Amino acid sequence: MAITVTVNGTIQTLDVEPEMPLLWALRETLGLTGTKYGCGISACGACTVHLDGRPVRSCVLPVSAANGKSVTTIEGLAQAGTLHKVQQAWLAHQVPQCGYCQSGLIMAAAALLEKTPNPTDDEIDEGLTNICRCGTFARVRAAIHAAAQNEGAGS
């Protein structure tokens, strides 16, 4: 079955099994390896991408669910060579430690800010259910607050 999906602004036709997880279609078929495999059961969020602007866990989402829709991965978050404000804030606040879960956290944070432009700590805690084994949540919150204020790399 051919699946047609717009990935990072480019229309892609994928000849894959419809039940293949979106994560594997992105990584193995399209070579977009920025999205990570973590737990495989939708618990950790390392695989978070945007599907029509909403954060989804791509490790459990069948690629057929993306048919005719738009997917944004970490590779597509920056625009015209400029990092997204969340990516800039992540760098400014030195959020990553091991870095493995960071692409999923950044995608979840970007979606949170689209929905809630100036979130409180409680809204961040409630909105981001991703798991970071390094425990960088305090820096995650600081980076999200900075991105909300458009401080980005300058903060």
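The values are calculated or read from the model by the stated rules, or taken from the named source; none is laboratory data. Owing to the predicted nature of the structure, the values given are computational and were not obtained by experimental measurement. So basically every Cβ, Gly included, is an ideal-geometry build from the backbone, and we count neighbours across all protein chains shown. Ligands, DNA and RNA are stripped out before the accessible areas are found, and what is left, the full protein with its side chains, is counted by its heavy atoms. Shrake-Rupley method; radii C 1.70, N 1.55, O 1.52, S 1.80 Å.
Report the full-extension gain for the segment Ser70 to Ala138: residue separation times 0.36 nm, less the Cα-Cα distance, to one decimal in nm. My answer for the length gained is 21.3 nm. Segment Glu19..Met1, full-extension length gain: 5.5 nm, with 0.36 nm per residue of separation and the alpha-carbon distance subtracted.
Stretching the chain fully between Gln97 and Glu126 yields a gain of 8.2 nm (0.36 nm per residue, less the alpha carbon separation).
Of all accessible surface on region 21-155 at a 1.4 Å probe, what whole percent is carbon and sulfur?
Result for region 21-155: 50 percent of the exposed heavy-atom area is carbon or sulfur.
Name the residue, out of Ala110, Ala65, Ala46, whose mean-square fluctuation peaks in a Gaussian network model built on the chain with Cα pairs under 10 Å. The residue that fluctuates most here is Ala65.
Distance between the pseudo-spin-label points of Ala80 and Tyr37 (7 Å out from Cα toward the beta carbon): 3.8 nm. Shown here: region 89-155, whose C-alpha atoms stretch 27, 26, 17 Å along the first, second and third principal axes, sorted largest to smallest. Which shape class, rounded, prolate or oblate, goes with region 44-97 when its Cα gyration tensor gives a ≥ b ≥ c as root eigenvalues, a/c under 1.5 marks rounded, and past that a/b bigger than b/c marks prolate? Here region 44-97 falls in the oblate category.
Over region 6-117, with the other protein chains present, what is the accessible area per residue in square angstrom, probe 1.4 angstrom?
Normalised by residue count, the accessible surface of region 6-117 is 47 Å².
The 1.4 Å probe gives accessible areas that order Trp90, Trp24, largest first, as Trp24, Trp90. Note on Gln149/Asp52: beta-carbon distance plugged into 1/(1 + (r/R0)^6) with R0 of 22 Å gives a FRET efficiency of 0.25.
Considering only Ile124, Ile144, Ile11, the Gaussian network model of the chain with Cα springs below 10 Å gives its largest mean-square fluctuation to Ile11. Database remark: amide H of Leu14 closer than 5 angstrom to the amide H of Ile3, Thr4, Val5 (H placed geometrically; neighbours at sequence offset of 5 or more, or on other chains; Pro and chain starts carry no H).
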